[in-house]
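S.K.: The structure is given below, and queries will be raised subsequently.
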Amino acid sequence: MKRVLFPLFGAVAAFAAGATPSAAGDRYADRPPVMVSPDLSAPWVLQLGHAPGIVRQNRQSVQQQPRPRYVQPDRVQTAAVQAPAKRMVMRPQINPIYLPQEVAYDGPQKPGTIVIDTTQNFLFLIEKNGKARRYGVGTGKPGFEWSGTHKITNKRVWPDWRPPAEMIKREAAKGRYLPTYLAGGMENPLGARALYLGTTEYRIHGTNQPWTIGGAVSSGCIRMRNEDVVDLYERVDVGTTVEVI
């Protein structure tokens with residue numbers, strides 16, 4: 001035990017007597033500065049300030065610098081791959097006067113009769129008490145006007161279309177070739193419903209061109225908006241009298 005304590009007391013005495021700070025094993029002594037090779041330190045310094053010795057810019061210099069313009073990332077990233085925008089076709093809006101409405105009517109026809117005024121482009125469904133339900137229609141263009149009285153002989157939902165041979169020939173002379181048959185549907189020019197008039201080739205029918213309502217546009221048939229011809233279809237039966245004036 002004496003041999004163990006003696007070296008310990010000796011070390012304490014040497015420290016108290018002013019042992020040099022660089023004495024081996026002295027963990028409280030000042031250490032010499034650590035020198036780092038520029039090859040190792042330079043990349044880290046460059047990341048901090050882009051130049052040796054520059055770590056942070058002062059606030060004044062930051063405020064004086066122009067702010068970068070903000071650009072939305074999605075526009076930058078997708079500008080080169082975006083497909084060209086589709087050209088929008090603006091269709092004329094239907095004049096509100098041709099929308100369905102209840103009007104006064106003092107004609108001689110009895111309730112339930114359909115009267116079509118091809119001059120004003122209106123269809124009237126005569127009601128009781130001097131009233132009528134009025135719809136806007138498209139009528140025959142110049143050269144295709146007609147008048148007369150017929151009865152509804154048939155009603156069809158989403159009717160097929162078989163253009164008359166003379167129509168196919170007439171349109172072919174203009175460079176427009178019609179199909180001999182077209183199944184019912186949105187692309188069909190007869191629209192959502194058709195009311196067939198007597199033994200003629202004329203019909204009251206819908207259209208996939210509602211912006212033509214109010215004009216003289218057809219080859220003799222009476223056009224209505226799809227929603228209007230559906231409404232009329234539900235209100236009249238086969239046998240209803242139709243007067244075209």
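S.K.: Packing-wise, with mean Cβ within 10 Å as the measure, how do 121-133, 189-201, 105-117 rank, highest first?
M.R.: The densest-packed peptide leads the list: 189-201, 121-133, 105-117.
S.K.: With all distinct Cα pairs included, what does the Kirkwood hydrodynamic radius of the range 96-244 come out to in Å, to one decimal, could you say?
M.R.: One decimal place: 15.6 Å for the Kirkwood radius.
S.K.: Amide H of Ile222: which non-local residues (sequence gap of 5 or more, or other chain) have their own amide H closer than 5 Å, using H built in the peptide plane?
M.R.: Arg203, Ile204, His205
S.K.: Let me ask another. Between Asp231 and Ala173, what FRET efficiency follows from the Cβ-Cβ distance if R0 is 30 Å, with the result rounded to 0.05?
M.R.: Step by step, r from the Cβ atoms, then E = 0.20.
S.K.: If the only charges are +1 at each Lys and Arg Cβ and -1 at each Asp and Glu Cβ, what is the size of the charge dipole of the range 96-244 around the Cα centre, to the nearest 20 debye? Numbers along the way, then the final one.
M.R.: On the way: 19 positive and 16 negative charges, 46 e Å.
Roughly 220 debye for the range 96-244.
S.K.: Separate question: In which sequence would Met186, Met224 go, from the one with the fewest C-beta neighbours within 10 Å to the one with the most?
M.R.: Met186, Met224
S.K.: Distance in nm between label sites at Ser147 and Asn95, each 7 Å beyond Cα in the beta-carbon direction?
M.R.: It is 2.1 nm.
S.K.: What's the Kirkwood radius of the range 124-205 in Å, using all Cα pairs?
M.R.: In the range 124-205 this quantity evaluates to 14.9 Å.
S.K.: Ok, one more. Neighbour counts of other C-beta atoms within 10 Å: give me Arg170, Arg203 arranged from fewest to most. Display every interim value, and only then the final one.
M.R.: On the way: Arg170 14, Arg203 24.
Ranking Arg170, Arg203 by Cβ neighbours within 10 Å, fewest first, gives Arg170, Arg203.
S.K.: Sticking with the crude label model, points 7 Å out along Cα→Cβ, report the distance from Lys155 to Asn208 in nm, one decimal please.
M.R.: The answer from the label model is 2.5 nm.
S.K.: I've got another one for you. Taking a virtual spin label 7 Å from the Cα of Leu182 along the C-beta vector, which residues in the range 111-149 bring their backbone nitrogen under 18 Å of it?
M.R.: 138-141
S.K.: Using packing as a proxy for protection, rank 177-183, 160-166 so that the peptide with the highest average count of other Cβ atoms within 10 Å comes first.
M.R.: Ranked by mean Cβ neighbours within 10 Å, highest first: 160-166, 177-183.
The numbers here are math on the coordinates, done by the rules we state, and not lab data. Everything quoted here is computed from the prediction, not taken from an experiment. For neighbour counting, all protein chains shown are included, and Cβ atoms are generated from backbone atoms with ideal geometry for every residue, glycine included.
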